[in-house]
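Beneath this line is the structure, given in structure tokens, with notes to follow.
The values are calculated or read from the model by the stated rules, or taken from the named source; none is laboratory data. Keep in mind that this is a model prediction, so the values were computed, not measured. A quick note on method: Cβ atoms are made from the backbone with ideal geometry, for glycine too, and the neighbour counts reach across all protein chains shown. Calculation scope for accessible area: heavy atoms of the full protein, side chains included, ligands and nucleic acids excluded. Shrake-Rupley method; radii C 1.70, N 1.55, O 1.52, S 1.80 Å.
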Amino acid sequence: MSINTKSLREQVYEHLKEKINAGEIRKGDLLDLGALSRELGISKTPLRDALLKLESDGFVEIMPRKGVKVKALNLKDIENLYQIIGALECAIISETANKLTENDIDKMAKLNEKMREALDDKNFDKYYELNLEFHNTYLLLSDNWEVLRIISISKQRLYDFPRRKEYLPEWEYNSLKEHAELVELFRKKDYQSAALFIKDVHWSFEVQKRFILKYYPDAK
């Protein structure tokens with residue numbers, strides 16, 4: 001028997017995120033708290049608590065006397081998220097990359113090849129999962145769980161709400177080249193260059209802007 005140790009607020013938070021991810025609750029939709037409360041069979045208190053956390057993490061906007069709206073990203077949001085992720089991943093590499101082993105680096109290289117195979121097979125969901133695993137190989141060397149949470153939430157806001165079915169092959173294949181360059185910098189133990197590369201290239205809004213504008217055509 002499995003025991004759910006999460007609080008009711010956390011369970012409702014995860015449930016609502018899953019509905020947004022699946023596109024059942026769409027960007028711009030106003031949420032009906034009464035209907036959600038009845039659907040989940042809970043009082044409005046844990047629902048409000050979950051919505052406050054969703055607002056704090058940037059997924060929804062609470063509009064006084066109007067309701068709760070799923071937040072759509074604009075270009076400035078995207079630029080800010082890229083800056084946040086780039087700065088934090090850069091800091092983690094600077095502080096912890098010396099802990100990377102040869103096995104870790106080999107694993108990253110193999111994951112990058114598996115990502116290429118997933119792209120060749122047009123399996124973007126698999127590519128996305130492998131991409132997260134690639135980055136987590138060095139990110140999880142950090143024990144700063146608050147920083148890791150911010151990175152995770154930022155990536156979810158960019159790519160998971162909802163998860164896009166389409167993708168840009170040119171962008172993804174370009175990312176594989178960047179991954180390969182990062183792996184080589186790790187092999188050379190040039191951690192300073194690796195840290196700057198992740199911030200100034202891989203997570204640079206300006207460098208990636210030509211792809212971002214195609215991937216987020218509705219962002220203003």
Given only helices, namely DSSP H runs of n ≥ 4 each adding -39500 (n - 2.57), what is the per-residue ellipticity at 222 nm of the chain, to the nearest 500 deg cm²/dmol? -21000 deg cm²/dmol
Cα centroid distance between segment 1-59 and segment 91-151, in Å? 29
Probe 1.4 Å, protein heavy atoms only - accessible area per residue of the chain in square angstrom: 55
Rounded to two decimals, what is Rg over Rh for segment 1-89 when you use alpha-carbon atoms and the Kirkwood radius? 1.02
Taking all pairs of different Cα atoms in the chain, averaging 1/r and flipping that mean, what Kirkwood radius in angstroms comes out? 19.0
Given charges at beta-carbon only (K, R positive; D, E negative), |dipole| of the chain in Debye: 840
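Which pairs in the list Lys126/Lys189; Lys19/Lys53; Lys110/Lys209 are over 24 Å apart, alpha-carbon to alpha-carbon?
Long pairs (Cα-Cα over 24 Å): Lys126/Lys189; Lys110/Lys209.
Show me the ranking of peptides 189-198, 30-39, 73-82 by mean Cβ neighbours inside 10 Å, starting with the highest.
Top of the packing list down: 189-198, 73-82, 30-39.
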Among Leu176, Leu52, Leu40, residue whose mean-square fluctuation peaks in a GNM of the chain (springs only between Cα atoms under 10 Å): Leu40
Say each of Glu117 and Asp200 gets a label point 7 Å from the Cα, pointing the same way as Cα to Cβ; how far apart are those two points in nm? 3.5
Sequence-separation-based contact order of segment 20-76, relative, with Cα cut under 8 Å and 6+ spacing, percent: 40
Percent of all Cα-Cα pairs per 5 Å bin for segment 127-215, counting from 0 up to the last occupied bin, reads 3, 11, 20, 27, 23, 12, 4, 0
Which residue, Pro64, Pro46, Pro169, has the most motion in a Gaussian network model of the chain that connects Cα atoms within less than 10 Å? Pro64
